[in-house]
Amino acid sequence: TEFCDMYDAYDRLPEELKQRIRGMRAVHDDSRTAAGGLRKGKKDVTDVRHVTGARHPLVRTHPATGRKALYLGRRRNAYIVSLPVEESEALLDRLWSHAIAASSAWTQEWQVGDLVVWDNRCV
């Protein structure tokens, strides 16, 4: 199981990129399950501009801590609303590459008896 500290990922962004993504929203594709299977009643996405799913800000403020964190959702079929597809893809790739850098990512190597607690609002 892998986790990314999206507080850290946001904090490490260059200021120009923080300014660029402020106010941007992305569609989080809902066509696939967590395991990657196509959900019943959904079709394969052929054009990300028409993907179904919730729209969320790329940066959100944690309601309890007040800290900003990246909120990227799953990468597959994600789309930044109102950008040309190529620009959306490039920006999402850049943000994901930044977010999964070693300093922000952690892999849990499970052993019997392990318990991990996390806050979904910032990972």
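The values are calculated or read from the model by the stated rules, or taken from the named source; none is laboratory data. Everything numeric here is computed off the predicted structure, so don't read it as measured data. Here Cβ is always computed from backbone atoms with ideal geometry, including for glycine, and neighbour counts include all displayed protein chains.
Conditions tested, residue by residue: (1) within 12 Å of the chain's Cα centre (by Cα); (2) in contact (Cβ under 8 Å) with a residue 24 or more places away in the chain.
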residue	(1), (2)
ASP8	no, yes
GLY23	no, yes
LEU38	no, no
THR46	no, no
TYR79	yes, yes
VAL85	no, yes
ALA99	yes, yes
ASP114	no, no
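I'm trying to understand the selection: among the residues of region 51-69, which are surrounded by 10 or more Cβ atoms within 10 Å (Cβ to Cβ) and not aliphatic (A, V, I, L, M)? The answer is THR52, GLY53, ARG55, HIS56, PRO57, ARG60, THR61, HIS62, THR65, ARG67, LYS68. Of the listed requirements (1) over 24 Å from ARG12 (Cα atoms); (2) in a loop (DSSP other than H, G, I, E, B), LEU83 misses just one: (1).
For residues in region 73-95 being touching a helix residue (DSSP H, G or I) at 6+ places or on another chain (Cβ under 6 Å) and crowded, with 17+ Cβ neighbours inside 10 Å, which is modelled with the highest pLDDT? My answer is ILE80.
Let me confirm something: among TRP96, TRP106, which residue is within 17 Å of VAL123 (Cα to Cα) and in contact with a Phe, Trp or Tyr (Cβ under 7 Å, 6 or more places away or on another chain)?
None of the other options fit; the residue is TRP106.
Looking only at residues that are part of a helix (DSSP H, G or I) and among the hydrophobic types (A, V, I, L, M, F, W, C) in region 96-109, which one is surrounded by the most Cβ atoms within 10 Å (Cβ to Cβ)? Restricting to residues being part of a helix (DSSP H, G or I) and among the hydrophobic types (A, V, I, L, M, F, W, C), the top hit is ALA99.
In region 10-37, which residues are crowded, with 17+ Cβ neighbours inside 10 Å and farther than 20 Å from ARG55 by Cβ? Correct list: LEU13 only.
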